[in-house]
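Presented below is the structure to which this report refers.
Nothing in this text is a laboratory measurement; each read-out follows from the coordinates by a stated rule. Everything numeric here is computed off the predicted structure, so don't read it as measured data. Ideal geometry is used to build each Cβ from the backbone, glycine not excepted, and the neighbour counts take in all protein chains shown.
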């Protein structure tokens, strides 16, 4: 069996679904898109994590008609405080704070639970006529045929299109088949992710405590809840998530403190190994990589998901412009435009997060002195703070139309 489509997306995460919805919004019902992911189906998402959505990504979701579905359950990040201390320090002084809006009335970020945003994307994609293949379906491999590319499903069905998009995660099988190498390294760290409830209101404040083992980020959720991204050496992270409730609470309280009153972990605990990996190329013959298939970076600045959204917005614009002119959407010049647009930005952000992690994940007194002096300088210069905020929101450089 062979199905003909205009574009195939392997992977139904934020980047894959975001790209599908963006193209439907831009090109209308006559553009045939198939999204294939084994987890797509009739049941709601069970992803218990939460993500920081930068202002640029929020604008993208708003343009797609998705943000309205989650806006009431999103938490604006109204300000952010950065500290640098040892675990047993009795006081954690604030060296740097960020506050204010990107534009009047527009916070620089929001926290949203992943399941809510994923479900909203699936609902919007279905309403726009995107064909969603789930319940075990996947793109196991592909083959090239003249001016087309064919996705091969385990069921025996083939789907042929002008362009195949690999949005199938950090272990992308399509990237491997294309022979595209990933360059980078492991950090020997893992990120512990969970949700906590606390007695007092966080007032929309995010905090990043730089501890010798790595950053401990407290990110506000709706109600008196916060999402934690807690970096430790891998062996220590495994030990911590294996503790009983009392032991885990003791480790949590040492890092979180009691500034928000009594607290307790209410979400599942998980630990994810941290690495820096960037694909040697973001494109191959009629194949484009987006999201984690193209890059994995340290979560120290909360930019991983936002980079993937920028990929989706940029590739959507490249494809939309080509289709509007009646050109081949999978042609080398279309894909090279996407690669030039996204790869430099990704490498720059990857190296920045790597440098921050190496600078702060240590307990060297001389390095601590230098970095704290640097944080203090930034705190004293509002223009420098505004620059870093604009960088983090994804609103610098060539911004895709759907993020403007």
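Annotation: average projected area of region 112-230 is 11.6 square nanometres, based on the convex hull of Cα atoms across all directions. In terms of other Cβ atoms within 10 Å, 230, 185, 67 run from fewest to most in the order 185, 67, 230.
Is the chain best put as rounded, prolate or oblate by its Cα gyration tensor, with a ≥ b ≥ c the root eigenvalues, rounded for a/c under 1.5, and otherwise prolate when a/b is larger than b/c, oblate when not? Because a/c hits 1.5 or more and a/b exceeds b/c, the chain counts as prolate.
Separation of region 183-226 and region 341-379, taken as the distance between their Cα centroids, equals 18 angstrom. Between helix 382-393 and the chain there is an angle of about 40 degrees, using the helix long axis and the longest principal axis of the Cα atoms.
One equal scatterer on each Cα of region 3-140, no solvent, Debye formula: the resulting log10 I(q)/I(0) at q = 0.10, 0.16, 0.22 Å⁻¹ is -0.44, -0.85, -1.29. Pull out a ≥ b ≥ c, the square roots of the eigenvalues of the alpha-carbon gyration tensor of region 258-350, then state rounded if a/c is under 1.5, prolate if not and a/b is larger than b/c, and oblate in the remaining case. Prolate shape, in that a/c is at least 1.5 and a/b is the bigger ratio. Comparing 204, 12, 267 in a Gaussian network model of the chain (Cα springs below 10 Å), the most mobile by mean-square fluctuation is 267. Taking the chain as the reference, fit the longest principal axis to its C-alpha atoms, fit the long axis of helix 304-324 to the helix C-alpha atoms, and give the angle between the two in degrees, 0 to 90, nearest 10. Relative to the chain, helix 304-324 is tipped by roughly 30 degrees.
Note on the chain: GNM, Cα springs under 10 Å; of 45, 227, 190, the largest mean-square fluctuation is that of 45.
Residues 286, 205, 58, 390 in ascending order of nearby Cβ atoms (within 10 Å, fewest first): 390, 205, 286, 58. Considering only beta bridges that DSSP places wholly inside the chain, some 70 percent are antiparallel. Taken as Cα centroids, region 265-308 and region 116-143 sit 20 Å apart, rounded to the nearest whole angstrom. Just checking the listed ones, 107, 220, 154: in the Gaussian network model of the chain with Cα springs under 10 Å, the one fluctuating most is 154. Each of 97, 172 has some number of other Cβ atoms within 10 Å of its Cβ, and from fewest to most they run 97, 172.
Highest average first, the peptides 49-56, 276-283, 231-238 ordered by how many other beta carbon atoms sit within 10 Å of their residues are 49-56, 276-283, 231-238.
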